[in-house]
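Peer 1: Quick one: the structure is below, and I'll ask about it shortly.
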Amino acid sequence: MNRREALQNVTLLIGGAVSLTTASVILNGCKPSNEGKEVAGAAGKPFSLSADHSKILDELTEIIIPKTDTPGAIEAGVGPFIALLLADCYTKEQQDHFVKGFDLVGQEAKKLGGDLFSLDAAKKIDLMKSLKELAKAEREEAKAKQVDPESGIEKQDAKAKKVPVPFFDLLRELTVFGYFSSEIGAKSNLNYVSVPGRYDACITITPDTKAYAL
C-alpha cells in the first residue's frame, strides 16, 4: 500500500475531526497515573486491557493509519496511548462499552472469513466499514431513545444521561488524536517546527503542503 492509498483509507474511515466530546474528555477528564502500575479508571477502579485485546487494538489502529513511507500507528505507540486514556479519562461505563467492542470485531471478522489477523488488507478495510456502520446504527438508536415518540420532543432526562460513545467512533478519534499528537506523527506527517520563528500572514499553499503540528 502506498501513501496515497493509505490516506484515502484514512479519510474514508475517520470521516472528520475529533469530536467535541472526546476533546472535552481529554482536556478535562484525565488524572495522573502511576508509571509502571495498574492505572485506576475514572470510576476509581483499576482498568487495563488484556494482552489479546491490546494486540487487537494495535492492529485496528494500524489499519486506520498504516505504515507507508512514514511510520504507522503501531510504531507511534497509539495502542498503549489509547489504553492509558481509557484508564485515566473515561468512566467505567465507557471503558466496559469499549471492551465489548472487541467482541464486535471478532463477530464482523468471522463474517468476512476469519479472525482479524487472518484477513487480507482489503477485508480489513471492509471490517472497519462494518464497524463504522454499526456505530452509526448505535448512535441513531440512542438518539431515538432520547426523544418522546408521540411529541417528538427530547425527554427531560435525556441530557442528564450520558450515552457511551460507540466503539468505532472512540477508536477512530483516539487513534487520530494519539498519532498526530505523538512525536513520530508530528514530525513525519506534519510541518513540525520545534522553535517557531516569525509569523507569516500569507504563505503559498500547494497540494504537498503539510498542516502544522500544534
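Peer 1: In a shell of Cβ-Cβ distance under 14 Å around residue 102, excluding residue 102 itself, what net charge do Lys and Arg (+1) and Asp and Glu (-1) give?
Peer 2: Here the charged neighbours net out to -4.
Peer 1: Name the residues whose placed amide hydrogens come within less than 5 Å of the amide hydrogen of residue 147, ignoring near sequence neighbours (fewer than 5 apart) on the same chain.
Peer 2: Long-range HN contacts for residue 147: 155.
Peer 1: Extending each Cα 7 Å along its Cβ direction at residue 163 and residue 69, get the distance between those two points in nm, one decimal.
Peer 2: Placing both labels 7 Å beyond Cα along the Cβ direction yields 4.3 nm.
Peer 1: Turning to a different aspect of this structure: Which distance in Å, rounded to a whole number, links the C-alpha centroids of the stretch 50-125 and the stretch 169-186?
Peer 2: First find each Cα centre; the distance between them is then 13 Å.
Peer 1: Compare the peptides 68-79, 171-182, 108-119, 199-210 by average per-residue count of other Cβ atoms within 10 angstrom and give them in order, highest first.
Peer 2: Most protected by this proxy first, the peptides run 171-182, 68-79, 108-119, 199-210.
Peer 1: Same structure again: Run the quick spin-label model on residue 139 and residue 125: label points 7 Å from Cα toward the beta carbon, then report their separation in nm to one decimal.
Peer 2: Label-label distance for residue 139 and residue 125, simple model: 2.2 nm.
Peer 1: While we're here: So, by mean Cβ neighbours within 10 angstrom, what's the order for 49-60, 81-92 with the highest one leading? Each step should come with its number before you reach the end.
Peer 2: On the way: 49-60: 16.8, 81-92: 19.7.
Final packing ranking: 81-92, 49-60.
Peer 1: To continue, here is another question. Between residue 181 and residue 202, what FRET efficiency comes out of the Förster formula 1/(1 + (r/R0)^6) with R0 = 22 Å and r the beta carbon distance, rounded to 0.05?
Peer 2: Once the sixth-power term is evaluated, E becomes 0.20.
Read-outs throughout are calculated quantities, based only on the coordinates presented, and are distinct from any laboratory measurement. Note that the coordinates shown come from a computational prediction; the quantities given were computed from them, not determined experimentally. For neighbour counting, all protein chains shown are included, and Cβ atoms are generated from backbone atoms with ideal geometry for every residue, glycine included.
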